[in-house]
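Asks: First the structure, which I've put down as structure tokens, then a few questions once you've had a look.
The values are calculated or read from the model by the stated rules, or taken from the named source; none is laboratory data. What you see is a predicted model; the values in this text were computed from it and never measured. Quick reminder, even Gly has a Cβ in these numbers, built from the backbone with ideal geometry, and neighbours come from all protein chains shown. All accessible areas refer to the heavy atoms of the entire protein, side chains included, with ligands and DNA or RNA removed. Shrake-Rupley method; radii C 1.70, N 1.55, O 1.52, S 1.80 Å.
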Amino acid sequence: MTSPLIDLPGAVPAEGRDEGVAAHYGELYGEQRALADGRGFVDLSHRGVVTVTGPERLSWLHLLLTQHLTELPPGRATEALILSANGHIEHALYLVDDGETVWAHVEPGTQEALIAYLESMKFFYRVEVADRTGEFAVVHLPAGSIAELPQELVVRETPYGRDVFLPRERLTGFAAEYGPAAGLLAYEALRVEAHRPRLGLETDHRTIPHELGLIGTAVHLQKGCYRGQETVARVHNLGKPPRRLVFLHLDGSEVLLPPHGAPVRLASDGPEGRQLGFVTSAARHHELGPIALALVKRNVPVDAALLAGTTAAAQEVVVQP
């Protein structure tokens, strides 16, 4: 779906997984600074929106997701995963319950597969699952924003800001009232700075939650069984994950950022050395310069200088080895 905010002055469309919204509006660093200062908003209307209604919605989702949901109070934001039988991450949901409906936003284009799985698990539970992407858009107000929102809107309030489920026909009016708009590049730079993983970037077909530091945030360790729970418990209690997420400070003299999937190696081994991981996300930050997240083998020394593609990189620990 293409956002009407693509028509705002200076808008440059995003590509790839974020197609349909603006990458920026002509002031990349200015847009980042505005968000960091609690001003403006981000158009996330390309994300999928899924709702679950019915009197058993929380107890049913509790059985399927990695998060403890049976006692989730209205208005409290949370996040959860759906895992494969082997504990690999398949879906990431960003949730809030409004007292009658659970609202979730998910990665663009993943809502159909998510709904198909949820529908297959309904059995006799009194729940209804719906794709609301065509009706509702997600917009993000940054942490520190003092903007007052209409009470009828469903809002997820988190330490990183507020995610608003907005009727699509109100997008243009929202931009006029709550601007300036900031693009996806600014939002992503702050996400990388905060070490927040994103499905499909920080994950591949074999990623488990421990590798990304999601235990305790998206995965509750004291709840009942769910698909993949045995792997979660075994790794938590008996072992270590095979990989770990790291934050990279990249050499600022390079013109291009390393792309997603660029190999990570020890700097001492050079660009032909053994691959130890890969770059998951890279961004240009208004204060830190070029930065990235990467997934590397657990035994990579925490003080080792690295190469991200051909770019020199210093690492900070996100997930302990």
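Asks: Could you give me the residue pairs with C-beta distances under 9 Å whose first residue belongs to the stretch 223-251 and is touching a residue at least 40 places away in the same chain (Cβ under 8 Å), whose second residue is aromatic (Phe, Trp, Tyr) and open to solvent by less than 40 Å² (accessible area, probe 1.4 Å) wherever it lies, and which are 6+ apart or on separate chains?
Replies: As it stands, the answer is Val232/Tyr226, since those pairs meet every condition given.
Asks: Which one is nearest to the chain's Cα centre (by Cα), of the residues in the stretch 283-321 that are of a type in the set (S, T, N, Q) and surrounded by fewer than 18 Cβ atoms within 10 Å (Cβ to Cβ)?
Replies: Of the stretch 283-321, the ones of a type in the set (S, T, N, Q) are 299, 310-311, 315, 320.
If we keep only those that are surrounded by fewer than 18 Cβ atoms within 10 Å (Cβ to Cβ) too, we end up with 299, 310, 320.
Numbers: Asn299: 26, Thr310: 27, Gln320: 20 Å.
Out of the qualifying residues, it is Gln320.
Asks: State which residue is farthest from Tyr160 (Cα to Cα) when the search covers only the stretch 64-120 and only residues that are polar (S, T, N, Q) and not in a strand (DSSP E or B). Please lay out each step first, then the result.
Replies: Step one: filter the stretch 64-120 for residues polar (S, T, N, Q), giving 66-67, 70, 78, 84, 86, 101, 110-111, 120.
Then drop every residue that is not not in a strand (DSSP E or B), which leaves 66-67, 70, 84, 86, 110-111, 120.
Numbers: Thr66: 21, Gln67: 19, Thr70: 24, Ser84: 28, Asn86: 31, Thr110: 23, Gln111: 23, Ser120: 33 Å.
Ranking the candidates gives Ser120 first.
Quick grid of which residues meet (1) under 21 Å from Leu293 (Cβ atoms); (2) β-branched (Val, Ile, Thr); (3) out of contact with any Pro (no Cβ under 9 Å at 6 or more places or on another chain); (4) open to solvent by less than 40 Å² (accessible area, probe 1.4 Å):
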position: Cys225; (1), (2), (3), (4): no, no, yes, no
position: Asn237; (1), (2), (3), (4): no, no, yes, no
position: Arg243; (1), (2), (3), (4): yes, no, yes, yes
position: Leu257; (1), (2), (3), (4): yes, no, no, no
position: Gly270; (1), (2), (3), (4): no, no, yes, yes
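Asks: Can you name every residue in the stretch 35-48 that is out of contact with any Pro (no Cβ under 6 Å at 6 or more places or on another chain), of a type outside the set (Lys, Arg) and buried (at least 18 other Cβ atoms within 10 Å of the Cβ)?
Replies: Step one: of the stretch 35-48, the residues out of contact with any Pro (no Cβ under 6 Å at 6 or more places or on another chain) are 36-37, 39, 41-45, 48.
Those still in the list that are of a type outside the set (Lys, Arg) too: 36-37, 41-45, 48.
Answer for the stretch 35-48, where residues must be out of contact with any Pro (no Cβ under 6 Å at 6 or more places or on another chain), of a type outside the set (Lys, Arg) and buried (at least 18 other Cβ atoms within 10 Å of the Cβ): Ala36, Phe41, Val42, Asp43, Leu44, Ser45, Gly48.
Asks: Now a separate question. Among the residues that make up the stretch 155-173, is at least one of them out of contact with any helix residue (DSSP H, G or I) (no Cβ under 8 Å at 6 or more places or on another chain), hydroxyl-bearing (Ser, Thr, Tyr), part of a helix (DSSP H, G or I) and farther than 18 Å from Leu35 by Cβ?
Replies: There is no residue in the stretch 155-173 that is out of contact with any helix residue (DSSP H, G or I) (no Cβ under 8 Å at 6 or more places or on another chain), hydroxyl-bearing (Ser, Thr, Tyr), part of a helix (DSSP H, G or I) and farther than 18 Å from Leu35 by Cβ.
Asks: While we're looking at this one, here's another question. List pairs: first residue in the stretch 272-294 and without any contact (Cβ under 8 Å) to a residue 60 or more places away in the chain, second residue exposed (fewer than 15 other Cβ atoms within 10 Å of the Cβ) and of a type in the set (Lys, Arg) anywhere in the structure, Cβ distance under 9 angstrom, at least six positions apart or on different chains.
Replies: Leu276/Lys297; Gly277/Lys297
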